[in-house]
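A.B. asks: Before we start, here is the structure in question, set down as structure tokens.
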Amino acid sequence: MLSNRARLIVKTMVLTLFGAGAIGAVGGLIVLRGGFYDLSAITQHYALVYTVLGEGMQYSVQNHAREVVVPPNLNTPERLQRGALVYQANCVQCHGGPGVAPSTIGMSMQPAPGPLVDADVNWKTRELYWITRNGIKMSGMPAWEYHLSEPDMWAVVAFVGAMPGMTSQDFKRMTAGGAVPPHVEQTATGRAQQGQEGQP
């Protein structure tokens, strides 16, 4: 049994928490409705906002990417080569690459698109695929499923996973061909097919 003093302390703590929550909610509503938070792309978010958004993104991607099936033999030389060309054509402008800085457009975005040199440390392969395919809301990262074939999405994921170990010379050599060549996959019967998830 709690003593009267202990009950009073618990009641005070609960009321204090409710009061702080109510004050926070009212303060947030005032900032929201007053338009005081600067959403322009020339100012950065506060550190707390970055922390909340970053953690929320991490948990969301982990949850949604759980059932993505990574194809076997993802890092074949042919797929890495194609991934480098797809990356150069679509990703390097915002994220940069080995020995290549992001373009001025990428650097002027807020939040700034992060470099992907440590992507294999921060994300699992299936999570990189999910991000590539679905994009991230309010970050400038598009859903590439509307722009790239399934095989090309897996190729760029393979390249991003291998990129941390590449030099600028490696990247130049892999992208020397310029444009991404047409991609046609053949089934066992010889019919052309579009890649399907987990079968690039």
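The values are calculated or read from the model by the stated rules, or taken from the named source; none is laboratory data. Quick caveat: nothing in here was measured; it's all calculated off a predicted structure. Note: ideal-geometry Cβ built from the backbone for every residue, glycine included; neighbour counts use all protein chains shown. These area figures cover heavy atoms from the full protein model, side chains too; ligands, DNA and RNA do not enter into them. Shrake-Rupley method; radii C 1.70, N 1.55, O 1.52, S 1.80 Å.
A.B. asks: If the elastic network links every pair of Cα atoms under 10 Å, which of 65, 25, 119 fluctuates the most in the Gaussian network model of the chain?
C.D. replies: Highest fluctuation among the options: 25.
A.B. asks: Still on this model: For the chain, what % of the accessible area comes from carbon and sulfur atoms, probe 1.4 Å? If you can, show how the numbers build up before the last one.
C.D. replies: Numbers: 8150 of 13180 Å².
The nonpolar share, carbon plus sulfur, comes to 62 percent.
A.B. asks: Another question, then. Where does the chain land at 222 nm, in deg cm²/dmol rounded to the nearest 500, when only DSSP H runs of n ≥ 4 count, each adding -39500 (n - 2.57), divided by all residues? Display every interim value, and only then the final one.
C.D. replies: On the way: 9 runs with 105 residues, N = 200.
After summing the helix terms and dividing by the residues of the chain, the value is -16000 deg cm²/dmol.
A.B. asks: Report Rg(Cα)/(2.2 N^0.38 Å) for the chain, keeping two decimals.
C.D. replies: Numbers: Rg = 23.3 Å, N = 200, 2.2 N^0.38 = 16.5 Å.
It is 1.41.
A.B. asks: What accessible area per residue, rounded to a whole number of Å², is obtained for the chain using a probe radius of 1.4 Å? Each step should come with its number before you reach the end.
C.D. replies: Values: 13180 Å² over 200 residues.
Heavy-atom accessible area per residue stands at 66 Å².
A.B. asks: For residue 137, which lysines qualify as cross-link partners when the Cα separation must be under 27 Å and same-chain residues fewer than eight apart are set aside?
C.D. replies: Straight-line reach from residue 137, under 27 Å: 124.
A.B. asks: So, one more: With springs connecting C-alpha atoms under 10 Å apart, model the chain as a Gaussian network and identify which of 33, 133, 82 has the largest mean-square fluctuation.
C.D. replies: Looking only at 33, 133, 82, the largest GNM fluctuation is found for 33.
A.B. asks: Next up: May I ask for log10 I(q)/I(0) of segment 9-74 at q = 0.15, 0.17 Å⁻¹, from a Debye sum over the Cα atoms as equal point scatterers with solvent left out?
C.D. replies: The Cα Debye sum returns log10 ratios of -0.80, -0.89.
A.B. asks: Let me ask you something else. Work out the length of the dipole vector of the chain about its Cα centre, built from +1 on the beta-carbon of each Lys and Arg and -1 on the beta-carbon of each Asp and Glu, and round it to the nearest 20 debye.
C.D. replies: Taking the Cα centre of the chain as origin, the dipole is about 700 debye.
A.B. asks: Given R₀ = 22 Å, FRET efficiency for residue 145-residue 121 by Cβ-Cβ distance, to 0.05? Could the numbers behind the result be given before it?
C.D. replies: On the way: r = 25 Å, r/R0 = 1.13.
It comes out at approximately 0.30.
A.B. asks: Distance in nm between label sites at residue 105 and residue 5, each 7 Å beyond Cα in the beta-carbon direction?
C.D. replies: For the pair residue 105/residue 5, the computed spacing is 6.9 nm.
A.B. asks: At 0.36 nm per residue, minus the direct Cα-Cα distance, what do residue 20 and residue 42 gain on full extension? Give it in nm, one decimal, please.
C.D. replies: Values: separation 22, 0.36 × 22 = 7.92 nm, distance 3.22 nm.
Result for the pair: 4.7 nm of gain on full extension.
A.B. asks: Oh, and also: Largest first, what is the accessible-area ranking of 105, 30 with a 1.4 Å probe?
C.D. replies: The most accessible residue leads, giving 105, 30.
A.B. asks: Can I ask one more? What residue among 24, 83, 56 has the largest mean-square fluctuation in a Gaussian network model of the chain, using Cα springs under 10 Å?
C.D. replies: Answer for the Gaussian network model of the chain: 24.
A.B. asks: In square angstrom, rounded to the nearest 10, how much accessible surface does residue 59 have for a 1.4 Å probe?
C.D. replies: Probe radius 1.4 Å; accessible area of residue 59 about 140 Å².
A.B. asks: Normalised by the residues of the chain, what does the relative contact order come to in percent, with Cα pairs under 8 Å and at least six apart? Working shown, then result.
C.D. replies: Values: 204 pairs, mean separation 49.0, N = 200.
The value is 25 percent.
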